[in-house]
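Read through the structure below, which is laid out as structure tokens, and then see the notes.
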Amino acid sequence: MRPGHIAFWALFTATGVWLQNVIPGVDFLAPGLILAMQEEKWTVPVWLGLVWLFIQEGTGSLAFGAGLLWYGALAGLYFFGHWLFEARNFLFMFILGLCLGSMHFVLINIMVLLQDQTIPLERLLMESGVQALIFPVEWGLIYLIHHHLPDSGHAA
């Protein structure tokens, strides 16, 4: 991996973690995982996914496994969907965002019930909606930035 890409992913990770602190309940790293699966060799999304999985599991308040289910389902949705849609199509990213918003609602509900906790339904609905809306927009922004890196070979 080129130095520009290493710097991009390090900055993306730091920004994503900061944004998750600003807007709790929304995963700002998920669009990066999709972009890495679209753009990089298979080793890059695996390493990024592992690092982000440990970040999510370590900073979250749910039992271990929620992040694993989240990123596993995200990768599964991407691999299933890219057979049906063009992988870099904004419509596909919008549909993926809707699926992630729905999955957030279901996954958090299940994990909270397993831990005998409660979460306000309005908050969970808001988080799920924000996740669904932010995902395609963030993906589009980082896609444009990533393609204009000086050493990416994609620059216009």
Net charge near Met103 (other residues with Cβ under 13 Å of its Cβ; Lys, Arg +1; Asp, Glu -1) is -2
The helix 66-81 Cα axis meets the longest alpha-carbon principal axis of the chain at an angle in degrees, between 0 and 90 and rounded to 10, of 50
Rounded to the nearest whole number, the Stokes-Einstein translational diffusion coefficient of the chain at 10 °C and 1.306 mPa s (Kirkwood radius, C-alpha pairs) in µm²/s is 99
Rounded to the nearest 0.05, FRET efficiency between Arg88 and Trp18 (Cβ-Cβ, R0 22 Å) equals 0.25
The size of the Cβ-based charge dipole (Lys, Arg +1; Asp, Glu -1) of the chain about the Cα centre, to the nearest 20 debye, is 180
Rounded to the nearest 10 degrees, the helix 43-59 long axis (Cα) sits at an angle to the longest Cα principal axis of the chain of 30
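How about region 65-156: which chymotrypsin sites (Phe, Trp or Tyr not before Pro) there are in a DSSP loop, with at most 10 other Cβ atoms within 10 Å of their Cβ? Working shown, then result.
On the way: sites: Trp70, Tyr71, Tyr78, Phe79, Phe80, Trp83, Phe85, Phe90, Phe92, Phe94, Phe105, Trp139, Tyr143; in loops: Trp83, Phe85.
Loop-located and lightly packed - Trp83.
How high is the relative contact order of region 3-148, given as a whole-number percent (alpha carbon pairs under 8 Å, six or more residues apart)?
Reported as a whole number, the value is 28 percent.
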Helix 121-147 sits off the longest principal axis of the Cα atoms of the chain, rounded to the nearest 10 on a 0 to 90 degree scale, by 10
Charge dipole of region 33-148 built from unit charges on the beta carbon (Lys, Arg +1; Asp, Glu -1), centred at mean Cα; most positive-end Cα among Leu133, Tyr143, Leu107 is Tyr143
Rounded to whole Å², per residue accessible area for the chain with a 1.4 Å probe reads 55
Residue separation between Arg123 and Leu141 times 0.36 nm, minus their alpha-carbon distance, gives in nm 3.8 nm
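The values are calculated or read from the model by the stated rules, or taken from the named source; none is laboratory data. Just so we're clear, the structure is a prediction, and the values are computed from it rather than from any experiment. All Cβ positions, glycine included, derive from the backbone under ideal geometry; neighbour counts span all protein chains shown. Accessible surface areas use protein heavy atoms only, side chains included; no ligands, DNA or RNA. Shrake-Rupley method; radii C 1.70, N 1.55, O 1.52, S 1.80 Å.
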